[in-house]
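Worksheet: one structure, shown below.
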Amino acid sequence: MFPTATLLVSIGAVSGIATLLAVLMVIADATIANYGEVTITANEEKEYVVRGGRSLLSTLMSEEVFIPSACGGRGSCGLCKVTVTDGAGDFLPTELPWLTEVEMRDNVRLSCQVKVKSDMRIRIPEELFSVKQYRSRVVRLRDLTHDIKEVTLELIEPQSITLTAGQFIQFQTPEYELTDEPVYRAYSVSSPPSVTGAVEIEVRLVPNGICTTYVHTYLKEGDEVVFNGPYGEFYLRDTSRKVVCIAGGSGMAPIKAILFDMLDRGINRTVEYYFGAVTKADLFLVEEMKELERKLPDFTFIPALSAPKEEDRWDGEIGLITEVLDRRLRSGEEVEAYLCGSPGMIDACVGVLTGKGVPDELIYYDKFA
């Protein structure tokens, strides 16, 4: 029998060698492998001759075909799905958590994880071919809270954008000390579609976040910003049902856009908007919401604090937003719901809504982690 210490050292050595080999293979694949020119055929009619070696997501982006990706290509959002009918190779472990068995049978892949190594045939929604890249200028930076900043981008080229209230854009962060290459992150547009010459977004600071650190620390009024879009299926459906909106933090953005779009278009429906925060310092745009209550005939804004401070002197709703929703929403009959916030908040709210009788298919949301 080998001594335990010797066995552990042997296991450690083997593991170390395996890890080193894996790293060397990744480096070799990225820097040494030469796949030459390959052809990507999209929807059986569009062909792109490209240099092989990069991810399908970034390769398509270089050809101005923009696939939505909330995480910027890190494989942590699952949004960048495309159908690859030929040339993708085997499924990767990094793809499996995001794909259902049906999607795998249908050759759906994560474009940020699939490398372009040979000729490919893909299928993507036709509307993505109309997504554009925009040059813009920062004309306003406003602190909404201690960790949420509003950014207004005036369009330079093209000079106007057409979008639906609730959609998002992908903001490009340039090279700086936290990244050696440009990266994209998804942000919902908070301005309504009636504003065609600019877009407004709300960026919450995430510790060590590449894009959020750049926006909060480095971005200045007058700077040029590149973004692409719009994307997304989060928009107000054309029905007569009661609308229940739920958000927290920067999840305010698409809900604000939808509400102001309703005002612009004269849409009169019963709307309850539940907004969750921790303390009064985390609440923002309260006056704008109160103004909407005066202008929209049947709109009610319901802010709630989960842990108000004594100095807040808060006389509104107290508790987690799920608790407030459970107390106030009597029935889910004839209700459709629109949610934006953290994955945990959304999952909890979906549980309350379905418990009240709101069908899953009438609950719409964006999970921006």
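Bear in mind that the values in this text are calculations on the coordinates, not laboratory data. The structure displayed is predicted, hence computed values, not measured ones. Positions of Cβ are generated from backbone atoms using ideal geometry, with glycine treated the same way; all protein chains shown enter the neighbour counts.
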Query raised in the report: Given labels modelled 7 Å from the Cα in the Cβ direction, how far is it in nm from Lys46 to Glu64?
Result: 1.1
Report task. Please say if the stretch 242-367 is rounded, prolate or oblate, where rounded means a/c under 1.5 for a ≥ b ≥ c the square roots of the C-alpha gyration tensor eigenvalues, and otherwise the choice is prolate for a/b larger than b/c and oblate otherwise? Result -> oblate
Query raised in the report: Which of the peptides 184-191, 346-353 is most tightly packed, and how do the rest follow, going by the mean number of other Cβ atoms within 10 Å of each residue?
Result: 184-191, 346-353
Requested in this report: Work out the charge dipole of the chain with +1 on the Cβ of Lys and Arg and -1 on the Cβ of Asp and Glu about the Cα centre, then indicate which of Ile40, Ser342, Val139 is farthest towards its positive end.
Outcome: Ser342
Query raised in the report: Asp315 to Thr164: FRET efficiency via 1/(1 + (r/R0)^6), r the Cβ-Cβ distance, R0 30 Å, to the nearest 0.05?
Result: 0.20
Report summary line: Percent antiparallel among DSSP beta bridges confined to the stretch 176-283, nearest 5, equals 25
Report summary line: Rounded to the nearest 5, the percent of antiparallel DSSP beta bridges in the chain equals 60
Report task. Could you point to the residue in Gly166, Val82, Tyr273 farthest towards the positive end of the chain's charge dipole, with +1 and -1 charges on the Cβ of Lys/Arg and Asp/Glu respectively? Result -> Tyr273
**Report entry** Burial order of peptide ranges 237-247, 91-101 (average beta-carbon count within 10 Å, highest first)
**Finding:** 237-247, 91-101
Query - Label-to-label distance, nm, for residues given as Leu205 and Leu141 (7 Å Cα→Cβ offset) - result: 1.2
**Report entry** Integer Hz, Karplus 6.51/-1.76/1.60 couplings in order for the stretch 289-297, x for Gly and Pro
**Finding:** 5, 5, 5, 5, 4, 6, 9, 8, x
Query raised in the report: Got a sec to turn the phi values of the stretch 182-191 into Karplus ³J(HN,Hα) couplings, 6.51 cos²θ - 1.76 cosθ + 1.60 with θ = phi - 60°, whole Hz, x for Gly and Pro?
Result: x, 10, 10, 9, 8, 9, 5, 7, 9, 8
Query raised in the report: So what is the relative contact order for the stretch 242-367, in percent, with contacts set as C-alpha pairs under 8 Å and at least six apart?
Result: 28
Query raised in the report: What is the dipole size for the stretch 242-367, taken about its Cα centre, with +1 at each Lys and Arg Cβ and -1 at each Asp and Glu Cβ, in debye to the nearest 20?
Result: 140
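What's the ranking of 70-83, 279-292 by average number of surrounding C-beta atoms within 10 Å, highest first?
70-83, 279-292
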Requested in this report: Return the subset of Lys242/Lys290; Lys256/Lys280; Lys220/Lys290; Lys149/Lys309; Lys81/Lys132 for which the Cα-Cα distance in this structure is over 28 Å, preserving the input order.
Outcome: Lys220/Lys290
Query - Relative contact order of the stretch 37-128, pairs being alpha-carbon contacts under 8 Å that are 6 or more residues apart, as % - result: 42
**Report entry** Stokes-Einstein D for the stretch 293-365, Kirkwood Rh over Cα pairs, 25 °C, 0.890 mPa s (µm²/s)
**Finding:** 180
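Rounded if a/c is under 1.5, else prolate if a/b beats b/c, else oblate: with a ≥ b ≥ c from the C-alpha gyration tensor eigenvalues square-rooted, which is the stretch 37-128?
It comes out rounded by the Cα gyration axes.
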Query - Column: log10 I(q)/I(0), Debye, Cα scatterers of the stretch 131-231, q = 0.10, 0.14 Å⁻¹ - result: -0.23, -0.47
Report summary line: Which of Glu311, Glu200, Glu126 fluctuates most in a GNM of the chain (C-alpha springs under 10 Å)? That residue is Glu311
